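Student: Let me give you the structure first, and then I'll get to my questions.
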Amino acid sequence: MHNIDIDLVEMTLDVMKYAIHRITATSLELGQPKKEEELRKLVGETVTSQGIGGEKAFQLFKDVLVKATVPIDHPRHLAFVSAAPTRASIMFDLVTSASSIHGAYWMEGAGGIFCENEAMKWLVSLTNLPKGAFGVFTSGGTAANLSAMVAARENWRKNDQNIGVRGLIITSVGAHSSIKAMAKVIDADILLVDSENRMTESDLENTIDALSDDIRKRLFAVVGTGGTTNAGIIDDLDGIATVCEKENLWFHVDAAYGGGALAADSVRHLFKGIEKADSITIDPHKWFFSPYDCGAVIYKHPEKAKEAHAQEGSYLDIFKDEGAVGFNPSDYQIQLTRRVRGLPLWFSLAMHGTDKYKKAVEQGIALAQIAGKLIAKESYIELVREPSLSCVLFRRIGWEPKDYNNWTYKNHKAGFALVTPTKWNNGNEKETVARFCFINPDTTTEDISAILNSMK
Ligand SMILES: Cc1ncc(COP(=O)(O)O)c(C=O)c1O
């Protein structure tokens, strides 16, 4: 398996040919899932004692398996939070893999970690956090949020009175599911401010004021959202920061999706207060056009994260020795062995410059505004709320939840578009509505019009 022969050389060329074709493709097929039995029938047994050969396995992947996936960078993939990695970043993802770099410790990964840190410097600069703030790349927003929550909890537990006490975090209903899920991982309770709209200073104050003394003692962190996944809403970060400072609470901002908009001059003012956060999540694999997987967590005081995360072990001592000294990404998040997953972002930033990133993010915001205007012109659809960042919620008048699902399936099956419904509070009820989330700067006004027409 580790020898080089003519078959391996041919296979390498085949793989490169595929990659070149995919990286330079200007039109993509919107694949769709098949049942597992169906896929098994089409490909047969692939993992056998003797192997089926690279050529055959690759052929099956190209002919069958990749066609049962949705290319996340399809311009009419407007569901969830899609992605649109730059071609440069995809190319460098290949280089990152081929280079076999261990990204945990400077001793082994210095050159790669240096590049990651150059990209990180730019991310940190967008937040306006004070000097000394820094971060690391993670496998995504969930891992970044978890890393920040662990740092917050460990910092709180430095006070002996909190050792053995179950912690409590306040966030809002609009916060991403990963905040609630990661609270379970650290065995903390979550208290939700009951609104999917912008969480304000007074929402937070009232929630804290209503706590009994015993419960108040368990509260150690507040999570604000810098662009909710469902609707692109940015909490009152400045007001929340004021309360956190007064109440001595760790302030985490989950800007996994919206963080890209920190680069957009048109909306940067909406994030006022983010510079007061203790930690921030930003996912380059969402709105900074990196391939999966690439999240980031940034800390105002990285040394606090290091106290929480640095692993100890006699086999690791050498990494901490003076001779090996340098920045060790593993000290600041939950993972030890890690891919230098910030490298593709670094290469793309180095190649294109940050202005192009600003422009590409602004395009997502512009597309949301265009969609809003197109929707407002039609009588069969209407906006549920004004577009926010790159999210647009709208309803098809007269439709029931099943109509939205059928519409999604129909467009997907036709290989035309992937746009999914969500729910939004309408009075006391959760109403099923349609949602666009624009990331891909290649999405066109014609794409949006065609999707809206498919609801007629
Ligand atoms: C606001 C927010 N936070 C966290 C996440 C989770 O990120 P990931 O899927 O990269 O773990 C998402 C994903 O959409 C998100 O939108």
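Bear in mind that the values in this text are calculations on the coordinates, not laboratory data. What you see is a predicted model, and the numbers here were worked out from it, not measured in a lab. Here the Cβ is made from the backbone with ideal geometry for all residues, glycine too, and neighbour counts use every protein chain on show.
Student: By the scheme Lys and Arg +1, Asp and Glu -1, what is the net charge of all other residues having a beta-carbon under 14 Å from that of residue 164?
Tutor: Net of charged neighbours comes to +3.
Student: Charges on Cβ only, +1 for Lys and Arg, -1 for Asp and Glu, centred on the Cα centroid of the chain; of 183, 350, 219, which one is farthest towards the dipole's positive end?
Tutor: 350
Student: For the chain, what relative contact order do you get, as a whole percent, if you take Cα pairs closer than 8 Å and at least 6 residues apart?
Tutor: Reported as a whole number, the value is 21 percent.
Student: Put +1 on the Cβ of every Lys and Arg and -1 on every Asp and Glu Cβ in the stretch 298-456; which of 419, 450, 360 then has its Cα farthest towards the positive end of the dipole?
Tutor: Value: 450.
Student: I need the shape label for the stretch 226-271. Rule: rounded when a/c is under 1.5, else prolate if a/b > b/c, else oblate, with a, b, c from the alpha carbon gyration tensor.
Tutor: prolate
Student: For residue 197 and residue 173 in the same chain, what is the full-extension length gain: residue separation times 0.36 nm, less their Cα-Cα distance, in nm?
Tutor: Taking residue 197 through residue 173 to full extension adds about 7.8 nm, to one decimal.
Student: Let me ask another. Loop-only trypsin sites (Lys or Arg not before Pro) in the stretch 132-183, please: DSSP not H, G, I, E or B, and at most 16 other Cβ atoms within 10 Å.
Tutor: Sparse-neighbourhood loop trypsin sites (Lys or Arg not before Pro): 157, 158, 166.
Student: Then there is this: Let me spell out the model: positive unit charges on the Cβ of Lys and Arg, negative unit charges on the Cβ of Asp and Glu, origin at the Cα centre of the chain. What dipole size does that give, in debye rounded to 20?
Tutor: Approximately 960 debye in magnitude.
Student: Percentage of Cα-Cα pair distances in the chain greater than 38 Å, rounded to whole percent?
Tutor: Here the tail beyond 38 Å accounts for 29 percent of pairs.
Student: Based only on the alpha carbon positions, what is the Kirkwood hydrodynamic radius of the stretch 309-456, in angstrom?
Tutor: 19.0
Student: Can you give me the distance in nm between label points at residue 325 and residue 161, each placed 7 Å from the Cα along the Cα-to-Cβ direction?
Tutor: For the pair residue 325/residue 161, the computed spacing is 3.8 nm.
Student: While we're looking at this one, here's another question. Would you mind working out the magnitude of the charge dipole of the stretch 280-344 relative to its Cα centre, with +1 at each Lys and Arg C-beta and -1 at each Asp and Glu C-beta, to the nearest 20 Debye?
Tutor: Dipole magnitude for the stretch 280-344 comes out near 360 debye.
Student: Given the -39500 (n - 2.57) contribution per DSSP H run of 4+ residues, what per-residue ellipticity at 222 nm results for the chain, rounded to the nearest 500 deg cm²/dmol?
Tutor: For the chain, the value works out to -13000 deg cm²/dmol.
Student: Pick out the long, greasy-scoring helices in the chain: whole DSSP H runs spanning 24 Å or more along their own axis by Cα, mean Kyte-Doolittle at least -0.5.
Tutor: Taking the DSSP H segments of the chain (at least 24 Å long, mean hydropathy at least -0.5), we get 6-23, 106-127, 354-377.
Student: If you don't mind, there's one more thing I want to ask. Please state the relative contact order of the stretch 178-309 as a whole percent: Cα pairs under 8 Å, 6+ residues apart?
Tutor: The value is 18 percent.
Student: Multiply the residue gap between residue 41 and residue 429 by 0.36 nm, knock off their C-alpha separation, and tell me the result in nm, one decimal place.
Tutor: That works out to 135.3 nm of additional length.
Student: Please report, in debye to the nearest 20, how large the charge dipole of the stretch 51-121 is about its Cα centre when each Lys and Arg carries +1 at its beta carbon and each Asp and Glu carries -1 there.
Tutor: Approximately 320 debye in magnitude.
Student: Sticking with this structure for a sec: Which number comes out as Rg/Rh for the stretch 167-242 once both Rg and the Kirkwood Rh are worked out on C-alpha atoms?
Tutor: 0.95
Student: Right, next: When only Cα pairs under 8 Å and 6 or more residues apart are kept, what is the percent relative contact order across the stretch 299-456?
Tutor: Across the stretch 299-456, relative contact order equals 18 percent.
Student: Choose one of 379, 208, 404: the residue whose Cα lies farthest towards the positive end of the charge dipole of the chain (beta-carbon charges +1 Lys, Arg; -1 Asp, Glu; about the Cα centre).
Tutor: The residue sitting farthest along the positive end of the dipole is 379.
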